[in-house]
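The values are calculated or read from the model by the stated rules, or taken from the named source; none is laboratory data. None of these values were measured; they are calculated from a predicted model. Heads up, the Cβs are rebuilt from the backbone with ideal geometry, glycines too, and the neighbour counts pull from every protein chain shown. Ligands, DNA and RNA are stripped out before the accessible areas are found, and what is left, the full protein with its side chains, is counted by its heavy atoms. Shrake-Rupley method; radii C 1.70, N 1.55, O 1.52, S 1.80 Å.
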Amino acid sequence: MSPLLTSLLLAAAGGFFAFTMLRRLAPLRALRREDRTDQAAERARALVLFGLGQRRMVDPGERGPGLLHVAIFAAFLVLSLRTVTLFGMGFDPSFHLPLLGPGTALGRGYGLAKDVMLVLALAAALGFLWRRLVTRPDRVTRSWEGNLILLFIAGLMLSDMAFEGAERALSGLPFDRWAPAGSLAAGLLGGLGLSAGATHAVGLAGFWSHLVLILVFGNFLPYGKHFHILTALPNVYFQRLPPTGALRKLDLESEGASYGLRTAKDLSWKEALDTYSCTECGRCQTHCPTYVTGKPLSHKEVNRAIRRHIVEKAPELVRLARAKDAPAREAAEAALPALSEGVVPPETFWACTTCGWCETACPVFIENVPRLVDLRRHQVLVEASFPEEAARVFKNIETQGNPWGIGSNRRAEWCEDLAIPRASEGGDHEYLFFVGCAGAFDDRQKKVSRAIVQILRSAGVSFAILGEEETCNGEAARRLGNEYLYQQQAAANVEKLNGYGVRRILVQCPHCLNTIRNEFPQFGGNYEVVHHTELIARLVAERRIRPGAAEGLAGPVTFHDPCYLARWNGVTEAPREALASVPGLSLREMPRNRREGFCCGAGGGRMWLEEKLGTRVNQNRVEEAAATLGEAGGVVATGCPFCLTMVKDGISETGREERLRVLDVAEIVASGLRT
Ligand code: SF4
Ligand code: SF4
């Protein structure tokens with residue numbers, strides 16, 4: 001061993017690594033500040049569970065490659081001690097870490113763990129290579145870099161085995177069950193009949209190649225997607241904490257008002273760290289409605305594009321961070337192009353349904369929806385450039401308080417004959433039923449509103465509505481980028497609800513649920529918000545309603561999970577429990593269900609935009625429902641007005657009206673209610 005050579009290697013590699021890291025991290029100083037240091041205990045818990053515990057890696061559907069990754073990750077953790085030991089041996093051949101000396105119980109135990117992990121990591125690296133070169137699943141990006149990294153990993157394991165095997169062979173040690181990999185390598189070397197000199201040379205080659213490989217590997221990481229090996233754990237720690245369904249409130253009033261995302265400098269440091277952390281595993285694409293239906297948007301590709309751009313524009317960003325005065329800042333800013341011009345083009349960010357699949361699938365918690373909405377925000381608030389269908393929606397909400405533009409004075413027509421109390425009349429009610437625009441104006445959804453009223457009355461639940469005083473909560477406007485309009489609508493609703501002292505709100509739309517529960521607190525509106533399927537399940541459990549056989553319900557039923565109910569708000573079982581309470585109802589699950597449910601295509605304001613690219617998302621979902629329900633057909637149940645519309649359209653677009661129907665859970669339960 002050679003202290004001089006070891007020192008030189010460490011100094012050269014350490015110096016180059018520090019230089020690279022400074023270059024990579026320096027641009028982050030120019031980016032938008034965002035505090036991600038709150039709730040340290042919650043962050044630490046997430047780090048242990050999802051970072052060190054790799055929980056998302058072993059999700060159903062991804063278990064095979066996930067387990068291979070877990071093996072490599074665990075091996076790196078265990079072998080890090082071995083790496084320190086080997087560098088120590090470069091200075092002193094008898095070096096060992098405290099407590100892990102040869103012959104000690106801990107040392108033997110660690111030797112066994114190390115050898116097991118070494119073999120597992122080698123097998124996993126070979127498994128991944130097989131996957132990349134032979135089976136080649138769609139979601140994996142083809143790149144020489146990925147193959148090279150796997151060869152690095154295999155090389156690290158083999159060089160360690162060669163070194164230890166040669167040492168054992170030269171010492172004439174017998175097979176040791178506490179050192180199975182080293183013993184096996186020693187046996188192999190012995191079997192080759194090498195001389196002592198040749199065995200010594202193999203050991204030396206193993207030792208030095210291991211040290212060089214680990215140093216080259218470490219220095220190579222920041223240059224490609226394997227930067228995630230260094231950034232993933234911090235990225236998991238600094239993740240967005242619940243409520244994840246809430247978008248950030250833009251400050252539109254003050255001098256430093258923010259209008260979304262135009263250039264790289266409008267990204268937050270966390271959004272840049274996100275792009276550095278993308279492993280390009282492609283899990284985000286598997287159920288992404290835009291990717292699956294051939295639109296130019298995938299979470300992975302957006303990360304790749306922004307990461308490349310940040311690296312390319314690093315000098316300008318560093319200049320911006322160092323700018324001392326306004327002219328210098330302006331000059332540096334002027335050198336940054338708009339992201340919408342080539343990095344993330346408009347057709348990409350307008351395609352997103354904000355369904356959230358990509359974010360919940362991502363093992364390193366990379367955020368996507370907020371930055372796509374921020375790109376829309378800049379287009380809407382500053383450039384006034386947005387699809388013309390969106391312009392109509394904005395105008396309708398502004399003038400009539402609903403996206404259809406139907407007279408606001410007609411908001412309570414759906415219940416004219418039901419004598420529902422108004423909040424303005426006072427009284428102490430269990431719930432304020434926030435009917436929502438679809439529930440009040442859409443002819444199909446009005447039937448769902450009435451079914452909900454029937455259930456509430458059957459259970460003896462007291463409730464009131466706002467009636468004509470209700471106005472659109474602005475959820476679609478916010479996700480279409482019109483933050484100004486959203487803030488107006490949210491503030492008006494909160495003022496009204498707080499004015500009546502409302503505490504509990506019942507909604508029938510998951511989009512209402514998400515914005516009232518998770519976003520209204522930004523405006524001083526704090527309420528307990530319940531989706532109607534949750535309330536129905538509770539009423540059944542409390543025996544306050546007794547569902548009977550649903551009228552005219554022919555064939556099996558499958559439940560389509562609305563994204564804003566299942567993914568963004570974690571409600572998956574209540575609708576199923578409500579359906580299961582209906583006697584004789586046969587529930588079948590679609591392959592993509594619950595958290596892995598497939599979007600209907602309407603979220604993110606896409607309900608109001610034409611779908612001109614690729615195939616139609618709703619048809620993709622209807623095909624799946626049809627295959628699940630079988631030849632004779634049946635019912636697609638859901639709990640969202642947008643899903644109801646999209647599935648209904650998908651059924652007629654695919655010519656399945658004879659065999660498929662779409663119903664809300666409330667309609668199914670209400671149709672057979674026993675008194
Ligand atoms: S965004 Fe997440 S899920 Fe998608 S490729 Fe990157 S690491 Fe994988
Ligand atoms: S939110 Fe949904 S539609 Fe948008 S990129 Fe992610 S998976 Fe695709």
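Return a yes/no flag: does the stretch 357-377 have any residue that is over 19 Å from R240 (Cβ atoms) and either away from ligand 2 (no atom under 12 Å from the Cβ) or of a type in the set (G, A, S) (or both).
Here is the first cut: in the stretch 357-377, the ones over 19 Å from R240 (Cβ atoms) are none.
No, the conditions are met nowhere in the stretch 357-377.
Name the residue, out of P346, P327, that is more than 16 Å from ligand 1 (Cβ to nearest atom) and either out of contact with any helix residue (DSSP H, G or I) (no Cβ under 9 Å at 6 or more places or on another chain) or open to solvent by 50 Å² or more (accessible area, probe 1.4 Å) (or both). Even if it seems obvious, please write down each step before you answer.
Numbers: P346 fails: either out of contact with any helix residue (DSSP H, G or I) (no Cβ under 9 Å at 6 or more places or on another chain) or open to solvent by 50 Å² or more (accessible area, probe 1.4 Å) (or both).
Unique residue meeting the criteria: P327.
Consider only pairs whose beta carbons are under 9 Å apart and that are at least six residues apart or on different chains; among these, list those whose first residue lies in the stretch 125-143 and is outside any loop (DSSP other than H, G, I, E, B) and whose second residue is at pLDDT below 90 and among the charged types (D, E, K, R).
R132/R142
Taking G66, is it under 26 Å from R595 (Cα atoms), open to solvent by less than 30 Å² (accessible area, probe 1.4 Å) and at pLDDT 95 or above? Show your work before the answer.
Numbers: under 26 Å from R595 (Cα atoms): yes; open to solvent by less than 30 Å² (accessible area, probe 1.4 Å): yes; at pLDDT 95 or above: no.
When the stated conditions are applied, G66 does not pass them.
What number of residues within the stretch 174-191 satisfy the criterion of being over 17 Å from K114 (Cα atoms) and either in a loop (DSSP other than H, G, I, E, B) or more than 47 Å from the chain's Cα centre (by Cα) (or both)? Write out each step before concluding.
If we filter the stretch 174-191 for residues that are over 17 Å from K114 (Cα atoms), which is where we start, we get 174, 187-191.
Narrowing further to those that are either in a loop (DSSP other than H, G, I, E, B) or more than 47 Å from the chain's Cα centre (by Cα) (or both): 174, 187, 189-191.
So the answer is 5.
Of everything in the stretch 558-582, what is in contact with a Gly (Cβ under 7 Å, 6 or more places away or on another chain), crowded, with 24+ Cβ neighbours inside 10 Å, touching a residue at least 60 places away in the same chain (Cβ under 8 Å) and among the aliphatic types (A, V, I, L, M)? Give them in sequence order.
Listed by number, the list holds a single entry, L565.
Could you count how many residues in the stretch 271-324 are of a type in the set (D, E) and open to solvent by 30 Å² or more (accessible area, probe 1.4 Å)? Quick ask: steps written out before the conclusion?
If we filter the stretch 271-324 for residues that are of a type in the set (D, E), which is where we start, we get 271, 274, 280, 301, 312, 316.
Keeping just the survivors that are open to solvent by 30 Å² or more (accessible area, probe 1.4 Å) gives 301, 312, 316.
Final tally of qualifying residues: 3.
Return the residue satisfying two criteria in turn: it lies in the stretch 397-414 and is farther than 16 Å from Q488 by Cβ and in contact with a helix residue (DSSP H, G or I) (Cβ under 7 Å, 6 or more places away or on another chain), and of such residues it is surrounded by the fewest Cβ atoms within 10 Å (Cβ to Cβ). Even if it seems obvious, please write down each step before you answer.
Going residue by residue through the stretch 397-414, those that are farther than 16 Å from Q488 by Cβ are 404-407, 409-414.
Imposing the further condition that a residue be in contact with a helix residue (DSSP H, G or I) (Cβ under 7 Å, 6 or more places away or on another chain) reduces the set to 404-407, 409, 411-412, 414.
Numbers: W404: 17, G405: 16, I406: 17, G407: 14, N409: 9, R411: 25, A412: 18, W414: 23.
Ranking the candidates gives N409 first.
Can you give me the ranges of the helices (runs of 4 or more DSSP H) entirely in the stretch 192-300 with at least 1 residues that are away from ligand 1 (no atom under 16 Å from the Cβ) and more than 15 Å from the chain's Cα centre (by Cα)?
Details: elements: 196-220, 228-237, 269-277, 289-292.
Per the criteria, 196-220, 269-277.
Quick test for you: out of R82, R55, R33, pick the one residue that is exposed (fewer than 15 other Cβ atoms within 10 Å of the Cβ) and not aliphatic (A, V, I, L, M). Steps first, answer last, please.
Details: R82 fails: exposed (fewer than 15 other Cβ atoms within 10 Å of the Cβ); R55 fails: exposed (fewer than 15 other Cβ atoms within 10 Å of the Cβ).
R33 is the lone residue from the list that is exposed (fewer than 15 other Cβ atoms within 10 Å of the Cβ) and not aliphatic (A, V, I, L, M).
Here's the yes/no breakdown for (1) in contact (Cβ under 8 Å) with a residue 60 or more places away in the chain; (2) over 30 Å from V236 (Cα atoms); (3) within 16 Å of ligand 1 (Cβ to nearest atom):
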{"site": "C355", "(1), (2), (3)": "yes, no, yes"}
{"site": "P363", "(1), (2), (3)": "yes, no, yes"}
{"site": "R371", "(1), (2), (3)": "yes, no, yes"}
{"site": "V380", "(1), (2), (3)": "yes, yes, no"}
{"site": "T399", "(1), (2), (3)": "no, yes, no"}
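Of everything in the stretch 336-383, what is of a type in the set (D, E) and part of a helix (DSSP H, G or I)? Give them in sequence order.
Quick first cut of the stretch 336-383, residues of a type in the set (D, E) only: 341, 347, 359, 367, 374, 383.
Hits for the stretch 336-383 are E347, E359, D374, E383.
In the stretch 513-528, what residues are open to solvent by less than 10 Å² (accessible area, probe 1.4 Å) and not polar (S, T, N, Q)? Break it down into steps so the answer makes sense when it comes.
Step one: filter the stretch 513-528 for residues open to solvent by less than 10 Å² (accessible area, probe 1.4 Å), giving 513-516, 519-520, 525.
L513, I516, E519, F520, G525, listed by residue number.
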